[in-house]
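Here's the structure we're looking at; comments come further down.
The values are calculated or read from the model by the stated rules, or taken from the named source; none is laboratory data. Every value quoted in this text rests on a predicted model; they were computed, and no experiment measured them. When we count neighbours, we look across all protein chains shown, and the Cβ atoms used for this are built from the backbone with ideal geometry, even at glycine.
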């Protein structure tokens with residue numbers, strides 16, 4: 001009997017592959033795939049193939065030398081990513097299987113998703129015809145409809161050209177500039193199209209704070225009411241009739257206003273009542289979730305993404321996390337009730353019951369096909385949750401997602417807002433208040449404040465009529481000082497990366513539009529890693545929650561070419577990449593521009609007259625080469641690092657542990673080595689490691705592996721890495 005020809009479907013990740021496999025009735029398990037009568041469904045794990053490192057083109061690039069720059073290969077090569085090579089081999093074997101006659105690309109519907117599949121097919125030497133599944137959600141209906149309307153693979157050639165152009169451009173600029181800076185200044189310096197403008201934004205904020213000169217401002221607070229008992233007192237604030245500002249920088253002017261008002265009648269000029277509705281905040285995309293998790297729980301962007309991956313892949317109780325959309329598609333509305341049942345347990349049971357009793361409706365405020373790109377917003381799945389199976393951190397992130405999901409299903413928050421305008425002579429005073437008519441979605445957050453307007457919530461206003469005279473109980477001057485911009489934290493840095501318009505030098509409308517449409521610097525999937533990399537390379541440091549650039553970063557920004565520090569470069573690239581994707585610009589033209597630009601920045605670095613100075617030298621000497629060690633503060637640890645990058649020695653001298661101080665309950669640092677290690681808290685508490693173990697044992701808790709044992713093993717690994725792999729990598733540098 002003749003074997004039936006089959007169609008191979010390549011998804012971007014296992015979860016999507018399994019969803020597609022279920023719809024296509026592929027139940028037989030293979031190595032990294034599912035097989036049915038007509039289809040075989042396999043998957044990538046994100047990128048399985050990437051651009052080759054420089055040394056793959058020529059052995060001379062194993063050593064970093066300025067004379068070898070710029071590195072501009074005639075043709076870029078691909079190589080399999082070592083960590084996921086097993087899955088690549090499984091996919092390659094299926095591509096080359098004799099009974100596979102056609103391939104369907106089912107990776108994410110977007111530029112990067114196209115690249116994931118095309119690089120795999122290219123590396124595997126595929127010659128078989130391809131088609132494209134283009135869907136924005138993975139419900140059964142969406143998958144069935146998508147397979148009923150498959151597109152020709154060649155229809156997306158221009159999208160692939162844009163994707164590969166972006167990757168090759170980043171390689172050419174990033175690899176060459178990093179090597180040039182490192183060789184020129186004998187220091188481990190790196191730069192790139194996204195990470196360097198991110199550093200520059202933080203540097204600019206710090207400069208604004210340093211240069212800020214506080215100014216005193218003044219206002220007037222007036223208390224008035226209808227009876228002499230003052231039980232109905234309302235607080236009014238002076239407001240300039242022209243500018244509508246309640247502040248003045250001239251104290252004498254405000255003092256004169258108060259004199260003018262003293263002893264005069266206060267008349268209600270206007271009472272404005274309006275009924276208002278406010279919909280719930282939009283559903284979460286990854287960046288907004290990372291922001292809230294940082295603000296509420298001090299989770300880093302990377303920590304939130306890691307937790308989300310566990311909730312998505314292991315527990316299967318939330319949808320795909322790496323999304324930049326905050327909306328759902330219309331084909332998902334039929335699943336809302338089932339998702340609500342799945343998550344409506346424990347603390348969410350009563351909230352869900354309110355929705356069950358009503359009619360669960362999909363509203364335009366959160367359902368919009370046009371605003372869903374590769375993936376819809378993050379919401380719970382139809383998988384029933386077992387809350388006791390989640391860690392404390394997982395519960396916190398899951399709680400954010402569930403409450404936001406329920407909030408959009410609740411009615412709007414409804415209130416009556418009242419604004420009373422009081423006049424004394426020519427001066428106007430304003431009081432605002434509101435009466436809640438229907439708490440709506442605010443019930444979901446109970447005591448939590450969600451985008452509250454505190455100025456309205458401060459007081460309940462007495463009923464007054466226009467033309468009515470009020471008694472002035474008191475009138476006084478108020479004082480304050482203008483505040484500098486706040487330092488960045490991870491939440492605000494993510495916002496700035498997503499929308500860097502404020503940091504554009506030229507304020508070009510086209511640049512603003514492009515950055516708004518393309519998501520700013522980096523993507524939802526890469527921003528967390530970029531921030532982590534900046535900490536890991538000692539370009540950023542944390543002080544409490546706030547983020548600051550290091551001395552190393554300040555010097556790097558002085559040495560790096562100006563274009564690499566500006567968001568405008570990303571805007572320019574994205575415009576041209578969009579032109580390639582739409583067929584309006586040839587890829588070859590863009591790449592020639594990038595090659596020319598690469599040569600220019602290498603020349604600029606080579607001829608630069610700047611110097612790099614290590615400002616964190618200690619009196620400690622390197623045990624390997626004898627040179628003085630640098631004191632380097634990372635995100636969660638402090639290290640001694642050899643200043644000679646060819647040596648590469650590094651050792652951890654303290655690390656933030658998970659052990660809590662028995663006095664103030666903050667996390668303590670673990671310092672020292674071996675039996676001499678000591679826990680130290682910022683409140684001043686100190687405890688030797690052995691004493692800590694004994695105390696925990698007596699308390700019946702034992703010593704947490706995560707707190708102590710895991711830390712010590714990790715420190716040992718870092719030290720080994722510092723004296724082997726790290727040193728080997730840096731020894732390639734020859735000046």
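Can you name the strands (runs of 3 or more DSSP E) wholly within the range 573-653 that have at least 3 residues being farther than 30 Å from residue 300 by Cα?
It comes to 617-621.
Looking at (1) farther than 27 Å from residue 16 by Cβ; (2) out of contact with any helix residue (DSSP H, G or I) (no Cβ under 6 Å at 6 or more places or on another chain); (3) in contact (Cβ under 8 Å) with a residue 24 or more places away in the chain, can you tell me which one residue 404 breaks?
Tallying (1) farther than 27 Å from residue 16 by Cβ; (2) out of contact with any helix residue (DSSP H, G or I) (no Cβ under 6 Å at 6 or more places or on another chain); (3) in contact (Cβ under 8 Å) with a residue 24 or more places away in the chain, residue 404 fails exactly one: (1).
Only one of (1) closer than 25 Å to residue 532 by Cβ; (2) touching a strand residue (DSSP E or B) at 6+ places or on another chain (Cβ under 6 Å); (3) surrounded by fewer than 19 Cβ atoms within 10 Å (Cβ to Cβ); (4) modelled with pLDDT of 85 or more is not met by residue 670, so which one is it?
(3)
Write out, first by first residue and then by second, each pair whose Cβ atoms fall under 8 Å of each other, whose residues are 6+ apart or on separate chains, and whose first residue, in the range 409-424, is farther than 22 Å from residue 444 by Cβ while the second is assigned to a loop (DSSP other than H, G, I, E, B).
Taking only residues 6 or more apart or on different chains, the pairs are 418/461; 420/461; 420/464; 424/264; 424/265.
Please go through the range 301-319 and give me each residue that is surrounded by fewer than 21 Cβ atoms within 10 Å (Cβ to Cβ) and not in a helix (DSSP H, G or I), ordered by number.
315, 316
Tally the residues that are under 29 Å from the mean Cα position of the chain (by Cα) and part of a helix (DSSP H, G or I), restricting the search to the range 327-350.
Counting residues in the range 327-350 that are under 29 Å from the mean Cα position of the chain (by Cα) and part of a helix (DSSP H, G or I) gives 12.
Taking the criterion of being assigned to a loop (DSSP other than H, G, I, E, B), modelled with pLDDT of 95 or more and more than 18 Å from residue 89 (Cα to Cα), would at least one residue in the range 40-48 satisfy it?
No, the range 40-48 contains no residue that is assigned to a loop (DSSP other than H, G, I, E, B), modelled with pLDDT of 95 or more and more than 18 Å from residue 89 (Cα to Cα).
Going by the conditions given, is residue 324 touching a residue at least 24 places away in the same chain (Cβ under 8 Å), part of a helix (DSSP H, G or I) and not assigned by TED's automatic domain parsing to the domain that holds residue 442?
Answer is no for this residue.
Counting only residues that are assigned to a helix (DSSP H, G or I) and in contact with a helix residue (DSSP H, G or I) (Cβ under 6 Å, 6 or more places away or on another chain), which one in the range 121-143 is nearest to residue 51 (Cα to Cα)?
That would be 143.
Looking at the structure I just gave you, is residue 306 without any contact (Cβ under 8 Å) to a residue 40 or more places away in the chain and under 22 Å from the mean Cα position of the chain (by Cα)?
Criteria met by residue 306.
Are any residues in the range 258-272 more than 51 Å from the chain's Cα centre (by Cα) and closer than 14 Å to residue 225 by Cα, and if so, which ones?
The answer is 265, 266, 267.
Which residues, counting only those in the range 453-507, are at pLDDT below 90, exposed (fewer than 11 other Cβ atoms within 10 Å of the Cβ) and farther than 30 Å from residue 270 by Cα?
507
Residue under question is residue 635, and the condition is that it be outside the structural domain of residue 550 (by TED's automatic domain parsing) and at pLDDT 85 or above; does it hold?
So residue 635 fails the test.
Say we look at the range 632-661 and pick out the residues that are over 28 Å from residue 622 (Cα atoms) and in contact (Cβ under 8 Å) with a residue 24 or more places away in the chain; which of these is surrounded by the fewest Cβ atoms within 10 Å (Cβ to Cβ)?
The qualifying residue surrounded by the fewest Cβ atoms within 10 Å (Cβ to Cβ) is 658.
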